[in-house]
Each structure stands twice: as C-alpha cells, then as structure tokens.
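Q: Take this structure first; my questions come after.
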Ligand SMILES: Nc1ncnc2c1ncn2[C@@H]1O[C@H](COP(=O)(O)OP(=O)(O)O)[C@@H](O)[C@H]1O
Ligand SMILES: [Mg+2]
C-alpha cells in the first residue's frame, strides 16, 4: 500500500487545530450568551442565545458552514491541504454571517423597544469571531501561503466587514450607539492615539538605532546600556507615568517656554516620554542583534576588498541587519499602541480615554468602543510591519 | 612583486610575527605554510593592512604600502578567505562586481568582466550570474570568491586557506583550477595553507613559518631535498618524502628509449612494445612482474600510459595499480615516444 494512503488511513482527523477551534466555536455559541438586551445603557441586560437571536436562514447557513468545517478537518475525503483551502472559504463566511446576524438581531429587537433600550454582543459572539479568525490563520500556516496572497485575502475579508459597516448593519448595536453619541470625539481621540504612538516611535528610533549600533561596536557600553533600558522595562507603566508627573510639572513651572510647548506634569508630554523609554529596549536590542548577526567573514571580505567603513555600514551591515531591526520596530509599535491606552490616565487622550470613561460610568459598551479599535489597530500594524520585515529580507534569503 | 622587510607584529608583548623578510617576485606563486597559530594569517592581513604592522616594511612593487590609503591599497590587492564571505544579499554578478564598482568602472566593462571571470572558472554565465550565494555549492561559492578577488585585475592576490573548508574531491579540482588560473593570468599570489601537499602542488616558492619566524624560504624541490632544520623535515613529513619528491618530478626526467623489437642478442628476459601503423603502443611483451612469464603479452590500456608532463608520483602510482614494471610514454597524438620503468625510478636520484 502506498505510504500516502497508509498515512491518511490511520488518522480520522487531519487538522486537530481546526477541529478544536470548531468544537470551541460551536460549544461557545450554544452555551454562552450571544447577545444581551438591556432596557437602558447602565444596567446589564438579559442574555439571548445564538439560536434565539439568529433568524432561521442564518442559523441554517451557519449550521451548514459548521458541517463543511467539520468535514474539512477530517483526513478523508479532503485531507489536510484541501481541507485548509475549504476552511479558508467557510471560516470567513461564518464570520460574516455571525457579524451580520448580530447586527440584524439588534435591528429587529430594537424596532419595537423603547429608545433607551440597548443590544450588545455577548461572549458567544466573541468566541465565534476569534475562532473563525484563528481558523484562517491556521489554514494559511498549513498551506505556507506567501504573504502577498495573505494580504489580498485579508483585504477581501476586511472589505466584507467594512461593507457591513457601510450598509448600517451594526447601527443598532450599543457599541455603535456609543459611537454615534461621540462621533467627533472618537475621530479626534483616534488621531490623538496615532499621533502619540508616532511621537513616541520617531524619537525612540532616532535615539535607539544609534544606541543599538553603539552597543554592537563598543562591547564595553553594552552592559550599562542594557542595564538601564531593562530597568525602564521593569517599571509598571502606570507607575512610570505617575513618576514622570512631578518632575515634568516642576520643569514646566520652571521653564515657561517649555510649558508653552505643552510640557507639563499631565497630558501628552509624560506619556510620550514614558512610551519612548519603553520603546528603547526592543529597538536597541534588535538593532544590536541585527548587526551582530552579520557574519564576520562577510565583514572581513567587505573591508578586505577596499570598502570604506561607511560603505561597509550602508551597503553590507544595514541591509543585512534590517529585517531584525524591523522586527524590533514591529514589537515596539504593537507595544506602544497598547501602552498608549494607559496614557489616557494622565490625560494624554487617545482611545484609552473611552475605556477609562466607560469604566467610570460602568458603561461596558463605551469601554469596548475604546478597546476594539485599539486591538484592531495593533493587529493591522503588526500585519503591515510583518510585510515590511519580509520585504526587507535580502532577496537571496527570503 | 611583493617584499616583506623585517616584518613584525606584536600582541601584548608577544611577537606573533617576528622579523620576517621575504620577496615574492612578479608572477610567482608564493605559499606561506606552517602549523596552526604560527602567524600565517597575521602576515597576510598585514599585507592588505587589515592588521597594522608593528615594525618593518612591506613593499608592493616599489611602493611602501604604508604610504597608500588602506582602501586604495586593498582595491589593488585581491583577497580570498576560507569562509569566502560572499555577500548573501547580492547575486553572484553583484558579488564579483564589488571592486570594479568601487573603482567606478563603466557598466559595460563590469558586465564583460563578470562573464569573463565566470568563464575562467567554468561557471556558465547564463546560469550563475543571477544566483544568490545560498544557492551555490561549496565549490561553486569558493570559485565565485576567487573570481571576486580577481575582478579588478589586481596586481597581487592574497588567499588565506581558500580551499580549507571544502571536501577533498572538490579541493583537488579547485587546486587544479587555481594552477590553471595562475598559469593563465600570471598573477603574483600569496597563498596561505597548512597542507603540505597543497603547497607542493601549487607553489613556485614556499615559506615555512614556525612560531612567528620564517624558517625556510625556497623552491619546493630544495625544501624537500635540503630542509633547513629538523622542524622543516618533520613538518614536511618523512613518511612519504620519496613520494612527495616524485610529485615534483616529471615523467620526461625519467624517460628511456622504448624498444619495439625483442632483444634477441642478450639471453636475459626483457620486454618490448608492439605498435600499430600510426606508432601507438598496442601491446607489451613481457615486463609484467619480475617472476612472470617473460613472453606474456598484455594489451596496452588507456590507463596505464604516461605523458611527458605527468608527475612521476602519478606514473609510479599507475605502475603499482596495474602491476606493471613499465609504462609507455606517449605524445599528444598517442604515439609511443619512450617508456618509464620501475628500474628507471629506482636507478636515479630523486
Ligand atoms: N587580535 C589578536 N590578539 C592577540 N593575539 C592574536 C590576535 N590575533 C591573532 N593572535 C595570535 O597570533 C598568533 C598567530 O595567529 P594567526 O596569524 O591567525 O595564525 P595562523 O598561522 O593559524 O593563521 C596566534 O597565536 C594567535 O593566537
Ligand atoms: Mg589562519
């Protein structure tokens, strides 16, 4: 019997990850509340199960897709690869049906309820969404799909979700109601969030890249430098923000021109400084690692053939170190997007403002209005920088 | 021409290269050899100023290299190392073009040069120009490394154990290519190795170093026959000294006239060759083993023949392998022009 068949025959399930995710999604959807209906913004609502929330055709389609995914994880008849390709079609469809179903339910439920009534998403919704997303990631890994194809696929799926937004599918949901209440503030804080991240990453790169090179060139400087940067990293973010308040407000008081620039104990200045301090270690560490990873023989050949030190740096060291340096930037960007949330505590603004406002008012949908876009931002930044890392790899080693 | 005068390198009060003076003439293949850690690489890297010298002088032609900018000097000297150090982010063509580009050659000249060098090393330009280093075998990568060192037609080529990391078979091939390339280009070469057979095969002059000192600098044959001291003779290795010597001797130095008729006059067993109409040897009568049938007739085969330019070591090896006491020596067209025999080898000073 050919080896391929013997291998396929022995196992029932070819893709255990998909199987696990599917079981989790189905169990989660059935056991956990899918949505919650509340009479007003501040009380927690009554749970609604998935089967009750979705219309019959939606339930049927979802059931069908779950069956398809169930077959896709088996060793026969599709097998691992065709199964993964099937999952890449079924999983996003399931995702879109769940999203549409939730919006549709909210619209129907609120049609004859009081204006203050709210519908928000429940745990089953999140479980279903995350399981679908992970199914797609898993399928891509199994198929070793090139990054450009993943990008196109992600754009198509994202396009579907954006289309749902544009069609007003989610307008009845509580989180969107919160959004409509503060539409202008949301846009402003979203921009503030990005600006804070940018203002932290720019200087962190300007300082961190040369420091990383220094750490590579001067082994003696390495110990103290990493010692200090590691120390920054160990300070909890809230503590660091708080620690910066006093010196900065003193500074702002002492130097009025600084105060005019917006430097004071609270607000953007301490937030940016703290973010820079947190960003330095990964940037310096990865820059150092990138340069240290260039083979000594390559460098000996470069200078042995008559390249000047500057030529060696720009033509050989930087191109070869770049992928590792950009991986550091990727870590730092995702980290900064997350940490900026905390910066809202000292009045720096950003999406964290909604989270803390929502926590204060016990308005969980407002919290989500801050949290979900932050997560989306981090995921998108991560993905884009992953593309950059791949592109920066030397053609010979890609 | 390259000349070292009283060259010394001191690390922490220890002379790792000590007062070395030697001169490698233009077009010569000079080999630095010695045990590991004796200062070969240090010496080589002082020549292209990758390491500053402590005392002494190095002349390139009639210029003192300390008067040149290091980069200018290095662009005039090819450099190939054991670990090759090809640039992994560049194609083979880009790697070879490094120094010509630093020297700002026009593009057309660089392109022509790349093809010429790939051709010199028997690498098909169409196939290899656009390959990346990680797509090459060890032997191919080392060829590209040497091609890159030769790219800007340097006056001198420095090579630091370039074939040390490749398998023995590939090393043999690369050594043969190196010999051919040297014959073709007549570059002045300074070649570092710790392998005596490699040195004997390639060198026109060998410098033996020990603990930072130059022990002997001579042509290979003199090194073998007149070792300066016990260290040199130990280093060369007494075990197969006779064979090493024969590797520097050629068949034409041992060649005798070949008899083509039986020697009827003398009564003792002898051998003679049978040839065809064009003069090629076809059969040997007698001459196999001393105790064999003197009249036995053996067909000449393609392998048990010798050519005048063949190293005597190889001729001897063939005699042993085919169990014959004598080999026909043939010229390029295959005609019998003489013979070499075991008696001949034994009867002459190596
Ligand atoms: N940078 C250095 N500092 C101190 N000692 C060194 C340095 N580089 C080489 N040496 C010493 O110099 C000696 C010669 O080294 P090298 O020229 O590399 O030997 P090899 O003949 O094997 O090429 C060795 O004993 C080595 O330990
Ligand atoms: Mg060495």
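The values are calculated or read from the model by the stated rules, or taken from the named source; none is laboratory data. Note that the structure is a prediction, hence the values are computed from the model and not measured. Methodologically, a virtual Cβ is constructed for each residue, glycine included, from the backbone with ideal geometry; neighbour enumeration extends over all protein chains shown.
Q: Does the range B:64-71 contain any residue that is farther than 28 Å from residue A:314 by Cβ, away from chain A (no Cβ under 14 Å) and touching a helix residue (DSSP H, G or I) at 6+ places or on another chain (Cβ under 6 Å)?
A: No, the range B:64-71 has no match at all.
Q: When only residues in the range A:328-352 that are part of a loop (DSSP other than H, G, I, E, B) and on the phi < 0 side of the Ramachandran plot count, which is nearest to the chain's Cα centre (by Cα)? Let's see the steps before the verdict.
A: First, the residues of the range A:328-352 that are part of a loop (DSSP other than H, G, I, E, B): A:347-351.
Checking the rest, the ones that are also on the phi < 0 side of the Ramachandran plot come to A:348, A:351.
Working: A:348: 21, A:351: 14 Å.
Among those that are part of a loop (DSSP other than H, G, I, E, B) and on the phi < 0 side of the Ramachandran plot, it is A:351.
Q: Go over the candidates B:200, B:223, B:214 one by one and state the one that is buried (at least 20 other Cβ atoms within 10 Å of the Cβ), at pLDDT below 95, out of contact with any helix residue (DSSP H, G or I) (no Cβ under 6 Å at 6 or more places or on another chain) and in the same structural domain as residue B:14 (by TED's automatic domain parsing).
A: One residue alone meets the criteria, B:223.
Q: OK, next. Considering only residues of the range A:277-318 that are in a loop (DSSP other than H, G, I, E, B) and more than 8 Å from chain B (Cβ to nearest Cβ), which is farthest from residue B:79 (Cα to Cα)?
A: A:293
Q: Still on this model: How many of the residues making up the range B:229-238 are surrounded by 15 or more Cβ atoms within 10 Å (Cβ to Cβ) and either free of Cβ contacts under 8 Å to residues at least 24 places away in the same chain or out of contact with any strand residue (DSSP E or B) (no Cβ under 8 Å at 6 or more places or on another chain) (or both)?
A: 3
Q: Looking at residue B:112 and the list (1) away from ligand 1 (no atom under 16 Å from the Cβ); (2) more than 10 Å from chain A (Cβ to nearest Cβ); (3) surrounded by 14 or more Cβ atoms within 10 Å (Cβ to Cβ), which single condition is not satisfied?
A: Just one mismatch for residue B:112, condition (3).
Q: Test residue B:93 against the criterion of being within 15 Å of ligand 1 (Cβ to nearest atom) and within 14 Å of chain A (Cβ to nearest Cβ), and give yes or no. Before the answer, list the steps.
A: Values: within 15 Å of ligand 1 (Cβ to nearest atom): no; within 14 Å of chain A (Cβ to nearest Cβ): yes.
Here the answer is no, as residue B:93 does not meet what is asked.
Q: Just name the residue that is farthest from the other protein chains (Cβ to nearest Cβ) out of those in the range A:356-398 that are part of a helix (DSSP H, G or I), within 20 Å of residue A:145 (Cβ to Cβ) and over 21 Å from the mean Cα position of the chain (by Cα).
A: Of everything passing the filter in the range A:356-398, A:392 is farthest from the other protein chains (Cβ to nearest Cβ).
Q: Here are some conditions: (1) within 14 Å of residue B:147 (Cβ to Cβ); (2) in contact (Cβ under 8 Å) with a residue 60 or more places away in the chain. Residue B:96 meets all but one. Which one does it not meet?
A: (2)
Q: Considering only the range B:1-18, state which residues are within 15 Å of ligand 1 (Cβ to nearest atom) and in a strand (DSSP E or B).
A: Result: B:4, B:7, B:8, B:9, B:10, B:11, B:14, B:15, B:16, B:17, B:18.
Q: Also, I was wondering about something else. Can you name every residue in the range B:36-50 that is more than 10 Å from ligand 2 (Cβ to nearest atom), more than 15 Å from residue B:19 (Cβ to Cβ) and in contact with a strand residue (DSSP E or B) (Cβ under 7 Å, 6 or more places away or on another chain)?
A: B:47, B:48
Q: With the condition kept exactly as written, say whether any residue in the range B:102-125 is within 16 Å of ligand 2 (Cβ to nearest atom) and modelled with pLDDT under 95.
A: No, the range B:102-125 contains no residue that is within 16 Å of ligand 2 (Cβ to nearest atom) and modelled with pLDDT under 95.
Q: Something else now. Take residue B:2 and decide whether it is within 14 Å of ligand 2 (Cβ to nearest atom) and over 26 Å from residue B:230 (Cβ atoms).
A: Criteria not met by residue B:2.
Q: Would you confirm whether any residue within the range A:155-168 is part of a helix (DSSP H, G or I), touching a residue at least 40 places away in the same chain (Cβ under 8 Å) and touching a strand residue (DSSP E or B) at 6+ places or on another chain (Cβ under 8 Å)?
A: No, every residue in the range A:155-168 fails to be part of a helix (DSSP H, G or I), touching a residue at least 40 places away in the same chain (Cβ under 8 Å) and touching a strand residue (DSSP E or B) at 6+ places or on another chain (Cβ under 8 Å).
Q: Return the residues of the range B:320-340 that are surrounded by 12 or more Cβ atoms within 10 Å (Cβ to Cβ) and under 15 Å from residue B:308 (Cβ atoms); say none if nothing qualifies.
A: Within the range B:320-340, B:327, B:328, B:329, B:330, B:331, B:334, B:335, B:336, B:337, B:338, B:339, B:340 meet the criteria.
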